[in-house]
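The values are calculated or read from the model by the stated rules, or taken from the named source; none is laboratory data. Just so you know, these numbers come straight off a predicted model, no measurement behind them. Cβ placement follows ideal geometry from the backbone for every residue including glycine, while neighbour counts extend to all protein chains displayed. The accessibility values were calculated without ligands, DNA or RNA, using every heavy atom of the protein model including side chains. Shrake-Rupley method; radii C 1.70, N 1.55, O 1.52, S 1.80 Å.
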Amino acid sequence: MSVPPAEVPAGGRRTGILGGSFDPPHLGHVSVARDLVEALRLDRLLVIPAGDPPHREVTLPVKVRLDLTRRAFADLPGIEVSPLEIERAGPSYTVDTLEALARRFPSDRLVLAMGADQFAAIHRWERWRRLPELARIAVMPRGGREPAPSPESMPIEYVVADVTRVDISASRIRQRLEEGRSVHLLVPETIRHHVERAWAGRRARHVTQ
């Protein structure tokens, strides 16, 4: 159920949350983040790399992903990279992150951004019924299509975040790195050498093991 954006409580900020593994961060992430700030009228967007993603494996070490993400989003207005999930032990469940942010910033209006595919599978998330209690859900559709309905057992109100989706995936970047190919124009130029060096270090560790 799509609804208009909610008003921000008096004295509070509209704080967006964009999570992900950022393995590695790429130009698609940067484009989406910039658009989210504008589309959702955010006072700030927190980009939060997952420490221990519960539903996928990561290739680059957690501290490397955090460093690359900080470099990728450095100096972008309204965007901050948070180590919240990396500093917390255990699986990086979104509900735990939202609860921590609600405690830390009680006057903020939290807005959780996610892709349409994630929204369609939200009922598989840890304590998913708690999510809309903690944050407004903002769904990024693909190809101009309206997001799929949320589970019938609990219809979830959401806002549509009109962002430009760049056809770049972290898996494609990792494949190119594994093949020794350039990732120019796929990751921010400010981090390209850092990404390539991090991947080279990963490959060297695997060879010596």
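Couple of notes before you dig in:
- Odd one out for ASP43 among (1) in contact with a strand residue (DSSP E or B) (Cβ under 7 Å, 6 or more places away or on another chain); (2) surrounded by 21 or more Cβ atoms within 10 Å (Cβ to Cβ); (3) of a type in the set (Asp, Glu): (2)
- Qualifying positions in the range 119-144 - touching a strand residue (DSSP E or B) at 6+ places or on another chain (Cβ under 9 Å), within 25 Å of ARG13 (Cα to Cα) and in a helix (DSSP H, G or I): PHE119, LEU131, PRO132, LEU134
- All conditions but one from (1) touching a strand residue (DSSP E or B) at 6+ places or on another chain (Cβ under 7 Å); (2) free of Cβ contacts under 8 Å to residues at least 40 places away in the same chain apply to GLY78; the one that does not is (2).
- Neighbours by Cβ (under 6 Å, 6+ apart or cross-chain): first from the range 97-119, more than 11 Å from ALA135 (Cβ to Cβ) and touching a residue at least 24 places away in the same chain (Cβ under 8 Å); second buried (at least 19 other Cβ atoms within 10 Å of the Cβ) and among the hydrophobic types (A, V, I, L, M, F, W, C): GLY115/MET140; ALA116/VAL139; PHE119/VAL139
- Selection within the range 12-28 - in contact with a helix residue (DSSP H, G or I) (Cβ under 9 Å, 6 or more places away or on another chain), more than 27 Å from GLU178 (Cα to Cα) and either of a type outside the set (A, V, I, L, M, F, W, C) or open to solvent by 20 Å² or more (accessible area, probe 1.4 Å) (or both): THR15, GLY16
- VAL58 vs. criteria open to solvent by 30 Å² or more (accessible area, probe 1.4 Å), of a type in the set (A, V, I, L, M, F, W, C), under 21 Å from SER171 (Cα atoms) and in contact (Cβ under 8 Å) with a residue 12 or more places away in the chain: yes
- Only listed residue being modelled with pLDDT of 90 or more and more than 15 Å from the chain's Cα centre (by Cα), chosen from PRO155, PRO91, PRO83, PRO147: PRO91
- When the residues of the range 74-108 are filtered to those that are among the charged types (D, E, K, R) and not in a helix (DSSP H, G or I), the one that is least open to solvent (accessible area, probe 1.4 Å) is ASP108.
- VAL111 meets each of the listed conditions (1) aliphatic (A, V, I, L, M); (2) modelled with pLDDT under 95; (3) crowded, with 19+ Cβ neighbours inside 10 Å apart from (2).
- Taken together, the residues in the range 12-52 that are polar (S, T, N, Q) and assigned to a loop (DSSP other than H, G, I, E, B) amount to 1.
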